[in-house]
Structure formats: C-alpha cells, structure tokens
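Chemist: Structure incoming, see below.
The values are calculated or read from the model by the stated rules, or taken from the named source; none is laboratory data. Bear in mind the structure is a predicted one, so any value in this text is a computation, not a measurement. Backbone-built Cβ (ideal geometry, glycine too); neighbour counts: all protein chains shown. Heads up: the accessible areas ignore ligands, DNA and RNA and are worked out on the full protein's heavy atoms, side chains in. Shrake-Rupley method; radii C 1.70, N 1.55, O 1.52, S 1.80 Å.
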Amino acid sequence: QVQLVESGGGLVQPGGSLRLSCAASRSIFEFYGVGWFRQAPGNQRELVASLTSGGTTRYLGSVRGRFTISSENDQNTMYLQMNSLKSEDTAVYYCNAWGPSGANYWGQGNQVTVSS
C-alpha cells in the first residue's frame with residue numbers, strides 16, 4: 001500500500017555531489033521517521049542518515065558534515081544531499097520509512113558509484 005520510489009543515483013567523481021530523492025505515496029510525516037541506508041559489496045548495511053517526525057537528524061559518523069537528509073512534505077519526498085563524495089561512499093542506497101505497529105517500508109535501491 002505504501003510505496004517509496006527512489007531516483008537520483010548514478011556515477012560521480014570523487015569530490016563531486018549527488019542528490020538522491022525518495023517519493024512516498026503519503027506524507028513523510030505520517031511516518032515516525034525516515035532514513036537512508038546503504039550497503040556496499042562485502043559490507044553490512046549501514047544507516048547513513050535519519051530524520052524523525054519531530055525534525056531530529058542523525059548521521060553516520062563517516063558522512064557527517066558531507067551528507068544532509070531533508071524532506072518536502074508537499075511533495076511527499078525526502079532527499080539525501082551528498083557532497084564531497086569519496087570512493088568509500090560507493091554503495092546501493094535505500095530509502096526507508098517506519099511507522100506504527102512496526103510498519104517498515106523500503107525504496108527499491110539506487111546504485112551510487114564514486115569513481116574517477
């Protein structure tokens with residue numbers, strides 16, 4: 001019933017920027033929180049950034065200061081702005097939203113590749 005559709009992944013050079021978008025079928029703030037996860041080959045899935053309905057943000061230490069999570073309620077959209085990208089940021093990125101009764105929703109995933 002709830003769908004999250006991602007866009008914006010692709011190839012970028014080190015030091016470059018990229019913005020990921022995640023469009024939800026309902027208001028982002030109908031959820032308790034939203035976030036972005038990533039998983040690189042051979043690595044565990046990491047929570048990169050999260051945003052609660054109260055506006056609190058948290059970031060993975062390695063991306064803090066470079067990445068920004070935000071939302072646009074009128075567009076039912078959340079974003080991950082990624083600046084100063086490094087090769088270590090290469091991964092599949094997934095948007096996520098969670099709500100009442102343990103509800104948890106995922107986007108389809110987007111490949112982000114940071115390479116020269």
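Chemist: Take the eigenvalues of the Cα gyration tensor for region 30-78, scale each by 5, and report the square roots as semi-axes in whole Å, largest first. List each step's numbers first, then the result.
Modeler: Numbers: eigenvalues 93, 29, 19 Å².
Three semi-axes, in Å: 22, 12, 10.
Chemist: In units of 2.2 N^0.38 Å, what is the alpha-carbon radius of gyration of region 1-58?
Modeler: Details: Rg = 13.4 Å, N = 58, 2.2 N^0.38 = 10.3 Å.
After normalising by residue count via 2.2 N^0.38 Å, the value is 1.30.
Chemist: On a full-extension model of 0.36 nm per residue, what is the gain between Gln3 and Ser87, subtracting their alpha-carbon distance, rounded to one decimal in nm?
Modeler: Working: separation 84, 0.36 × 84 = 30.24 nm, distance 3.00 nm.
Computed gain between Gln3 and Ser87 is 27.2 nm.
Chemist: Averaging sequence separations of C-alpha pairs under 8 Å and six or more residues apart, then dividing by the length of the chain, give the relative contact order as a whole percent. All intermediate terms of the calculation are to be shown ahead of the outcome.
Modeler: Working: 290 pairs, mean separation 42.5, N = 116.
Relative contact order here is 37 percent.
Chemist: Accessible area per residue for the chain in Å², computed with a 1.4 Å probe and the full protein assembly in place, what is it? Please report the intermediate quantities before stating the final value.
Modeler: On the way: 6080 Å² over 116 residues.
I get 52 Å² per residue for the chain.
Chemist: Turning to a different aspect of this structure: Report the far tail of the P(r) of the chain, meaning the percent of Cα-Cα pairs longer than 24 Å. Walk me through the intermediate numbers first.
Modeler: Details: 1288 of 6670 pairs.
Counting pairs separated by more than 24 Å, the tail of P(r) holds 19 percent.
Chemist: Shifting gears a bit: Once both labels are modelled 7 Å past Cα along the beta-carbon direction, what's the Phe29-Thr56 spacing in nm?
Modeler: 1.7 nm
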